[in-house]
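The values are calculated or read from the model by the stated rules, or taken from the named source; none is laboratory data. Predicted model, so just to flag it, every value in this text is computed and none were measured. So basically every Cβ, Gly included, is an ideal-geometry build from the backbone, and we count neighbours across all protein chains shown. Note: accessible area is taken over every heavy atom of the protein model, side chains too, but ligands, DNA and RNA are not part of it. Shrake-Rupley method; radii C 1.70, N 1.55, O 1.52, S 1.80 Å.
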Amino acid sequence: MIALASDHGGFELKESVKRHLDERKIEYKDFGTYDLNSCDYPDFGAAAAKSVAAGECEKGIVICTTGIGISIVANKIKGVRCALCSEVSTARLTREHNDANVLAMGGGFVGPVLANEIVDTFLDTPFSNLEKHSRRIAKIAELEK
């Protein structure tokens with residue numbers, strides 16, 4: 001199960017991602033927003049991130065105009081490692097090295113074709129399980145205490 005969220009600036013890209021997930025037969029839960037009316041990204045980004053942190057959803061995808069604000073929000077939730085990605089290489093590396101569990105994208109900067117490639121890479125790339133990366137993630141978790 002993938003948690004999805006956006007504000008009005010990321011709404012159209014979120015809807016495109018939903019269609020792509022439907023094509024891949026990947027289940028998701030949409031935490032909003034549900035239209036183009038102006039809204040506040042913290043409301044929706046936090047809800048999606050909390051569902052990932054609680055284990056209700058395996059991973060999350062959050063989108064605002066730049067991806068910056070909503071990624072900051074997601075990273076405020078204990079247990080979430082959110083990475084803002086605007087190309088495929090960082091999506092792969094954040095999964096391999098950081099075991100990121102939430103992907104952020106900017107709807108004003110990433111088009112639907114590239115977004116699908118980023119989403120596929122993020123969802124399909126496993127964590128490397130290398131000791132050095134596990135050690136670093138443990139240090140991040142210590143900062144949350």
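Using a Förster radius of 35 Å, what is the FRET efficiency between Arg19 and Arg135 based on their Cβ-Cβ separation? Nearest 0.05, please. Computed FRET efficiency for Arg19 and Arg135 comes out at 0.35.
Quick one: in the chain, what % of C-alpha pairs are over 26 Å apart?
Numbers: 1595 of 10440 pairs.
It works out to 15 percent of all Cα pairs.
Summed over the residues of the chain and divided among them, the accessible surface reaches 50 Å² per residue at a probe radius of 1.4 Å.
Given the peptides 32-44, 106-118, 59-71, arrange them by the average over their residues of other C-beta atoms within 10 Å, most packed first.
Peptide ranking by packing, descending: 59-71, 106-118, 32-44.
Taking a point 7 Å out from the Cα of Glu56 in the direction of its Cβ, the residues of region 79-116 whose backbone N falls within less than 20 Å of it are 79-82, 101-104.
As a ratio to 2.2 N^0.38 Å, the alpha-carbon radius of gyration computed for region 27-67 takes the value 1.16.
Restricting attention to the chain, close to 0% of DSSP beta bridges with both partner residues there are antiparallel. In a shell of Cβ-Cβ distance under 12 Å around Asp124, excluding Asp124 itself, what net charge do Lys and Arg (+1) and Asp and Glu (-1) give? Around Asp124, the surrounding residues sum to +1.
Ordered by 1.4 Å accessible area with all protein chains kept, Met1, Met105 run largest first as Met1, Met105. A 1.4 Å probe over all protein chains sorts Glu27, Glu87 by accessible area into Glu27, Glu87, starting with the largest.
Quantify how much of the Cα-Cα distance distribution of region 72-138 extends past 21 Å, in percent. In whole percent, the share of Cα-Cα pairs in region 72-138 beyond 21 Å is 23.
The apolar share of the surface of the chain, taken as the fraction of accessible area on carbon and sulfur atoms (1.4 Å probe, ligands and nucleic acids excluded), comes to 53 percent.
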